[in-house]
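The values are calculated or read from the model by the stated rules, or taken from the named source; none is laboratory data. The structure presented is a predicted model; accordingly, all values stated were derived computationally and were not measured. Here the Cβ positions follow ideal geometry from the backbone for every residue, glycine too, while neighbour counts run over all protein chains shown.
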Amino acid sequence: MTSPPAAHNAPMPAHEEGIELCDGSALEERAAAVLFDVMLWDEPVRAFALRYDGRPVAYVNRCAHVPAEMDWQPGQFLDDSREWIICSIHGALYQPADGLCVGGPCRGSRLIPVRVEERGDKVYWYPSREIRPLFAPCS
C-alpha cells in the first residue's frame, strides 16, 4: 500500500493559525501520545501527536500496511527502546521523525503526517485538503 502524495499536507486557509491540540507540556519526550480525532478523506479517524527529539510530530493512527490503528494501548506507540513507532498489529517499525517505515511488510511507505507546530506553550495542528477537523468550528 502506498502513501498519498505529499500535497495532502498543504494547509487550508481557513485554519491559518492552526487548531489548538494541547499544552506543550502534555507531550513529554518519547512518552505517551496525545490522541485526537480528524476526518481523513471524509472518514472519521484517530490521529496522534508525540514529542520526539524535542519536537512534536503527528500522524494519522493508521498503519501504512493495513488501515488499522497502531497503538498497543491508548496513546502508546513507541517500542520498548522508545526509538520507533511500532504497529501493534504486525510489528512494522516507523521512524518517528518522518513516519518512514524501516521494518516490516510496508518498508519504504510512510505514515500519513499531520502538520503540527509548537508556539509558546501550546501545540497546534493544521488541517489540509485531506485531513480536516471532525467538526466544523463555530463562528
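Summary table below
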{"item": "Candidates Val102, Val116 - the one that is touching a residue at least 24 places away in the same chain (Cβ under 8 Å) and among the β-branched types (Val, Ile, Thr)", "result": "Val116"}
{"item": "Failed item in (1) under 29 Å from Glu17 (Cα atoms); (2) at pLDDT 95 or above; (3) among the acidic types (Asp, Glu), with Glu83 passing the rest", "result": "(1)"}
{"item": "Single residue of the range 95-111 satisfying the filter (surrounded by fewer than 23 Cβ atoms within 10 Å (Cβ to Cβ) and of a type in the set (A, V, I, L, M)) that is nearest to Cys22 (Cα to Cα)", "result": "Ala97"}
{"item": "Of all residues in the range 53-78 being over 12 Å from the mean Cα position of the chain (by Cα) and at pLDDT 95 or above, the one that is nearest to Glu20 (Cα to Cα)", "result": "Arg55"}
{"item": "Inter-residue pairs, beta-carbon under 7 Å, first farther than 12 Å from Pro74 by Cα and in the range 26-38, second crowded, with 17+ Cβ neighbours inside 10 Å and of a type in the set (Gly, Ala, Ser), 6+ apart", "result": "Leu27/Ala49; Val38/Ala47"}
{"item": "Residue match in the range 75-94 (condition: touching a Ser or Thr at 6+ places or on another chain (Cβ under 8 Å), part of a strand (DSSP E or B) and surrounded by 13 or more Cβ atoms within 10 Å (Cβ to Cβ))", "result": "no"}
{"item": "Matching residues in the range 24-51 - criterion: being of a type in the set (Phe, Trp, Tyr), surrounded by fewer than 21 Cβ atoms within 10 Å (Cβ to Cβ) and not in a loop (DSSP other than H, G, I, E, B)", "result": "Phe36"}
{"item": "In the range 52-71, the residues that are surrounded by 14 or more Cβ atoms within 10 Å (Cβ to Cβ) and in a loop (DSSP other than H, G, I, E, B)", "result": "Asn61, Arg62, Cys63, Ala64, His65, Val66, Glu69, Met70, Asp71"}
{"item": "From Asp71, Asp42, Asp80, residue being without any contact (Cβ under 8 Å) to a residue 60 or more places away in the chain, farther than 29 Å from Phe135 by Cβ and among the charged types (D, E, K, R)", "result": "Asp80"}
